[in-house]
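**Student:** Got a structure here, written out as structure tokens. Questions coming.
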Amino acid sequence: MKKKIIAFLLILFPIFSLGVVKADTVKSKYVIASDSSFAPFVFQNSSNEYTGIDMDLIKAIAKDQGFEIEITNPGFDAAISAVQAGQADGIIAGMSVTDARKATFDFSDSYYTANTILGVKESSTIASYEDLKDKTVGVKNGTASQTFLTENQSKYGYKIKTFADGSSMYDSLNTGAIDAVMDDEPVLKYSISQGQKLKTPIAGTPIGETAFAVKKGTNPELIQMFNNGLANLKANGEFQKILDKYLASGATTASTSTVDETTIWGLLQNNYKQFLSGLGITLALALISFAIAIVIGIIFGMFSVSPYKSLRLISEIFVDVIRGIPLMILAAFIFWGIPNFIESITGQQSPINDFVAGTIALSLNAAAYIAEIVRGGIQAVPVGQMEASRSLGISYGKTMRKIILPQATKLMLPNFVNQFVIALKDTTIVSAIGLVELFQTGKIIIARNYQSFKMYAILAIFYLVIITLLTRLAKCLEKRIR
Ligand code: GLN
């Protein structure tokens, strides 16, 4: 009897498993990119961990299918770019399956479906798309809502304001900088259920199914594993549990915090770990990039006063090119552009770490300005000194080292301090590539508690204190060197 049952099961097993294509992990770890604030799909809870339907789902699927993941939350647009540039293997961010996206992404089976919908303040009189004439509608960059708004703009005559992340968009709506926002219906409805004083006067428009995605033609096993895992979680009820956890009444919320986050003290108390880690990244970025910039800057600065025309030309080109490109574009070019270019030639995904990309961008940028400081310092020493020294038979190198540079350095020092302060402030710009330094840390926290006034005040004071301390320190050093 027992044997018969086993034989029966052995026959049944392959029949049942026929429908499911087994997939095996290829990579030891998959990097999954997501949005930074898109509750209830992904958001930070009061202990600053990312939670939400998407976060729970991808973790449950990875566990079910036995693969390792590392999640990054740079924001929707940045997550899309990260997957396209090969920085990440997949994206889960309440992402809609649209025809346009199918050209560049492979999608999993869908796990949700969403409309795009207009949100306005509770007190607003806007009741139809026609009412939006000459009004400003905010939308997140790269989203299906943005496509919808662009397509209907000429019909209704509104202005579109694009945001990099949800928190700044909702902030702007709350402060009245924009008149309406366009976002996914579950997201707007969720924020209303969380007490946001908003309403949705017009019925939503379907934008498609919500699914997980990989860059077209890459990581096929990841899609397969996602689908298999999703099917398992649906079958064993775990998927429904995840949905209920966030959507049922009395569900997990973004704002239930153990500490009152409406006061500056509460904000500091609840987020000091994040602040410290953001501060660490900011300081590391500024210090490392400035050290590199000094080396590169001095080399090009020396080139620019060299007796050789070719060296002067090289230096001039370097300074002109780097100074002529905005830092944010330089950072985006290094982080997204170059990996994309390399992949198009070699067919190999070659992502670059965001910290490394940010450091390179900041170093090059500061180096160009330092080269100019060095040139200015050297040229400020009267030419007669070089001529006199050379006529005494002393070599160019020796004259430079013994006579010109000691004087020039004194002239350059205050400018170096100045340039360092600029470099430290510039670190906020490279947060655009998703680097969670101090500024980005603040924005993420605001995405959760909407305390923009207090949070930006805290950030401003943070920078003010660090910069003041560092400039004081630099002044002391400067005195010593003199
Ligand atoms: N569902 C929308 C889209 O795919 C928005 C996604 C998001 O903002 N995370 O464009």
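No lab work stands behind these numbers, since they all come straight from the coordinates. This is a predicted model, so every value here is computed, not measured. Cβ atoms come from the backbone with ideal geometry, glycine included; neighbour counts cover every protein chain shown.
**Student:** With a ≥ b ≥ c the root eigenvalues of the C-alpha gyration tensor of region 263-376, is it rounded (a/c under 1.5), prolate (a/b larger than b/c) or oblate? Before the final figure, lay out the partial values.
**Tutor:** Values: a/c = 3.19, a/b = 1.48, b/c = 2.15.
Because a/c hits 1.5 or more and a/b fails to exceed b/c, region 263-376 counts as oblate.
**Student:** Based on the Cβ-Cβ distance from L477 to I160, what FRET efficiency comes out when R0 is 56 Å, to the nearest 0.05? Can you show the working numbers first?
**Tutor:** On the way: r = 49 Å, r/R0 = 0.88.
In this case the efficiency is close to 0.70.
**Student:** Any idea how far the Cα center of region 398-466 sits from the one of region 275-290, in Å?
**Tutor:** 9
**Student:** List the equivalent ellipsoid semi-axes of region 422-482 in whole Å, largest first, each obtained as the square root of 5λ for an eigenvalue λ of the Cα gyration tensor. Provide the component values of the computation, followed by the final result.
**Tutor:** Numbers: eigenvalues 171, 38, 7 Å².
Semi-axes from the Cα gyration tensor: 29, 14, 6 Å.
**Student:** Scaled to the compact-protein estimate 2.2 N^0.38 Å, what is the alpha-carbon radius of gyration of region 92-154, rounded to two decimal places?
**Tutor:** Working: Rg = 14.4 Å, N = 63, 2.2 N^0.38 = 10.6 Å.
Expressed relative to 2.2 N^0.38 Å, the Cα Rg reads 1.35.
**Student:** Next question. For the pair Y308 and A235, how long in nm is the line joining their label points, each one 7 Å along Cα→Cβ?
**Tutor:** Label-label distance for Y308 and A235, simple model: 7.1 nm.
**Student:** Return the distance in nm (one decimal) between the two label points of a simple spin-label model at A203 and S277, each offset 7 Å from Cα along Cα→Cβ.
**Tutor:** With each label point 7 Å from Cα toward Cβ, the separation is 4.5 nm.
**Student:** If the viscosity is 0.692 mPa s and the temperature 37 °C, what Stokes-Einstein diffusion coefficient in µm²/s follows for region 335-482 when Rh is the Kirkwood radius over Cα pairs?
**Tutor:** 173
**Student:** Taking a virtual spin label 7 Å from the Cα of E70 along the C-beta vector, which residues in region 92-134 bring their backbone nitrogen under 17 Å of it?
**Tutor:** Only 92 fall inside the zone, counting backbone N under 17 Å.
**Student:** On full extension of the chain, what length is gained from K102 through A380, given 0.36 nm per residue of separation minus the C-alpha to C-alpha distance?
**Tutor:** On the way: separation 278, 0.36 × 278 = 100.08 nm, distance 6.01 nm.
So the extension gain works out to 94.1 nm.
**Student:** Return the Cα extents of region 91-242 along principal axes one, two and three, sorted largest first, each rounded to a whole Å.
**Tutor:** 48, 33, 24
**Student:** Rounded to the nearest 500, what is the chain's calculated 222 nm mean residue ellipticity when only DSSP H runs of at least 4 contribute -39500 (n - 2.57) each, over all residues?
**Tutor:** Details: 19 runs with 275 residues, N = 482.
Calculated from helices alone, the mean residue ellipticity at 222 nm is -18500 deg cm²/dmol.
**Student:** Measuring from label point to label point, each 7 Å out along Cα→Cβ, what is the E49 to T409 span in nm?
**Tutor:** Result: 5.2 nm between the two label points.
**Student:** Among V26, V181, V436, which comes first, second and so on when ranked by fewest other beta-carbon atoms within 10 Å? Write down the numbers at each step before the final one.
**Tutor:** Working: V26 13, V181 27, V436 21.
Exposure proxy ranking, most exposed first: V26, V436, V181.
**Student:** Moving on to the next point. Mean projection of the alpha-carbon convex hull of region 153-292 over all orientations, in nm²? Kindly include the intermediate steps, with their values, before the conclusion.
**Tutor:** Working: hull surface 60.5 nm².
Average projection, Cα convex hull of region 153-292: 15.1 nm².
**Student:** Using the structure shown, list the pairs from K410/K475; K189/K443; K29/K241 with a Cα-Cα distance above 24 Å, or answer none.
**Tutor:** Numbers: K410/K475 12 Å; K189/K443 22 Å; K29/K241 26 Å.
K29/K241, as the Cα separations exceed 24 Å there.
**Student:** Angle between the Cα long axis of helix 405-426 and the longest principal axis of the chain, 0 to 90 degrees, nearest 10?
**Tutor:** Taking Cα atoms only, the helix is inclined about 20 degrees.
**Student:** Once the mean 1/r over all distinct Cα pairs of the chain is inverted, what Kirkwood radius in angstroms do you read off?
**Tutor:** Values: mean 1/r = 0.0388 Å⁻¹.
25.8 Å is the Kirkwood radius here.
**Student:** Too long at a 19 Å Cα-Cα cut-off: which of K135/K161; K425/K479; K140/K161? Please report the intermediate quantities before stating the final value.
**Tutor:** Working: K135/K161 10 Å; K425/K479 24 Å; K140/K161 9 Å.
Cα-Cα > 19 Å for K425/K479; rest within.
**Student:** Something else: Mind pulling the angle between the C-alpha long axis of helix 238-247 and the longest principal axis of the chain? Nearest 10 degrees, somewhere in 0 to 90.
**Tutor:** So the inclination is approximately 70 degrees.
**Student:** Let me ask something else about it. Just need the relative contact order of the chain here, percent rounded to a whole number, with Cα pairs under 8 Å and 6+ apart. Kindly include the intermediate steps, with their values, before the conclusion.
**Tutor:** On the way: 762 pairs, mean separation 87.9, N = 482.
Relative contact order for the chain comes out at 18 percent.
**Student:** Now for a separate question. Dipole of the chain (Lys/Arg Cβ +1, Asp/Glu Cβ -1, origin at the Cα centre): which of N141, F416, T205 lies farthest to the positive side?
**Tutor:** Of the options given, the answer is F416.
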